[in-house]
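What follows is a short report on a single structure.
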Amino acid sequence: MSRPSRHMVPTNTREKIAYDFTRAAPLRDLYPQLAEVRVEFEFQDGTTRTPSPQAYSYFPAARGFFRYACPCHSCSGEFDISTYVAELAAKADKPQRKRNLNLSCAGQRAPGVPDRTCPIGASVRVSATVRTPE
């Protein structure tokens, strides 16, 4: 098997996430019991120019990929909520499952930024709806 060309090898966090996303299995294969997963981010960074909120909805045909790049473009960090989605999928007691998370970015800002530690924090709401029997 040949090695991938250097133009295809991810060189930063955003490229790695995009690369991994293209190889993720559909939600219906990972969690066949789920009809929908919804992820909502609200960011805080201690300034008045906070990154905009983001929301994602995943249905059975969507890729079951739950890693998100930090909204600060010069940051190397990411938010990985894959384990939390798996926990929600494993709960068998409720048709609607929810989890609220407070996460901090562990990434580093680009060289030349005085304090390289990323100050971005995220309040994340994850909900999963169970598929109803047909």
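If you go through region 2-21 one residue at a time, do you hit one that is part of a loop (DSSP other than H, G, I, E, B) and modelled with pLDDT of 95 or more?
Initial filter on region 2-21 (part of a loop (DSSP other than H, G, I, E, B)): 2-12.
Checking the rest, the ones that are also modelled with pLDDT of 95 or more come to none.
Checked against the condition, which is being part of a loop (DSSP other than H, G, I, E, B) and modelled with pLDDT of 95 or more, region 2-21 yields no hits at all.
Check 125, 116 and return the single one that is free of Cβ contacts under 8 Å to residues at least 40 places away in the same chain and surrounded by 14 or more Cβ atoms within 10 Å (Cβ to Cβ). Break it down stepwise before answering.
Working: 125 fails: free of Cβ contacts under 8 Å to residues at least 40 places away in the same chain.
Criteria check complete, one pass: 116.
Tell me which of these residue 78 doesn't satisfy, since it passes every other one: (1) within 12 Å of the chain's Cα centre (by Cα); (2) surrounded by fewer than 14 Cβ atoms within 10 Å (Cβ to Cβ).
Tallying (1) within 12 Å of the chain's Cα centre (by Cα); (2) surrounded by fewer than 14 Cβ atoms within 10 Å (Cβ to Cβ), residue 78 fails exactly one: (2).
Taking residue 93, is it of a type in the set (Asp, Glu) and either surrounded by 19 or more Cβ atoms within 10 Å (Cβ to Cβ) or under 15 Å from residue 45 (Cβ atoms) (or both)? Write out each step before concluding.
Numbers: of a type in the set (Asp, Glu): yes; either surrounded by 19 or more Cβ atoms within 10 Å (Cβ to Cβ) or under 15 Å from residue 45 (Cβ atoms) (or both): no.
Here the answer is no, as residue 93 does not meet what is asked.
Here are some conditions: (1) small (Gly, Ala, Ser); (2) in contact with a Lys or Arg (Cβ under 9 Å, 6 or more places away or on another chain); (3) within 15 Å of residue 127 (Cβ to Cβ). Residue 86 meets all but one. Which one does it not meet?
Checking residue 86 against (1) small (Gly, Ala, Ser); (2) in contact with a Lys or Arg (Cβ under 9 Å, 6 or more places away or on another chain); (3) within 15 Å of residue 127 (Cβ to Cβ), the one that fails is (2).
Please go through region 76-96 and pick out each residue that is among the acidic types (Asp, Glu) and assigned to a loop (DSSP other than H, G, I, E, B). Walk me through it before giving the result.
First pass over region 76-96, keeping only residues among the acidic types (Asp, Glu): 78, 80, 87, 93.
Selection gives 93 alone.
Here is a list of conditions, (1) farther than 19 Å from residue 24 by Cβ; (2) surrounded by 12 or more Cβ atoms within 10 Å (Cβ to Cβ); (3) of a type outside the set (Phe, Trp, Tyr), and residue 85 meets all of them except one; can you say which number that is?
Looking at each condition in turn, residue 85 falls short on (1).
Counting only residues that are modelled with pLDDT under 90 and either more than 25 Å from residue 76 (Cβ to Cβ) or in a loop (DSSP other than H, G, I, E, B) (or both), how many does region 101-117 have?
Qualifying residue count for the region: 8.
For region 41-55, check the following and say yes or no: at least one residue is surrounded by 12 or more Cβ atoms within 10 Å (Cβ to Cβ), among the β-branched types (Val, Ile, Thr) and in contact (Cβ under 8 Å) with a residue 40 or more places away in the chain.
Just the residues of region 41-55 that are surrounded by 12 or more Cβ atoms within 10 Å (Cβ to Cβ), to begin with: 41-45, 50-51, 53-54.
This time we only want the ones that are among the β-branched types (Val, Ile, Thr), so: 50.
Going one step further and asking which of them are in contact (Cβ under 8 Å) with a residue 40 or more places away in the chain, we end up with none.
Scanning region 41-55, I find no residue that is surrounded by 12 or more Cβ atoms within 10 Å (Cβ to Cβ), among the β-branched types (Val, Ile, Thr) and in contact (Cβ under 8 Å) with a residue 40 or more places away in the chain, so the answer is no.
With the condition kept exactly as written, say whether any residue in region 88-96 is under 19 Å from residue 30 (Cα atoms) and touching a Leu at 6+ places or on another chain (Cβ under 9 Å).
Looking for residues that are under 19 Å from residue 30 (Cα atoms) and touching a Leu at 6+ places or on another chain (Cβ under 9 Å), one finds at least one in region 88-96, hence yes.
The values are calculated or read from the model by the stated rules, or taken from the named source; none is laboratory data. Quick caveat: nothing in here was measured; it's all calculated off a predicted structure. Heads up, the Cβs are rebuilt from the backbone with ideal geometry, glycines too, and the neighbour counts pull from every protein chain shown.
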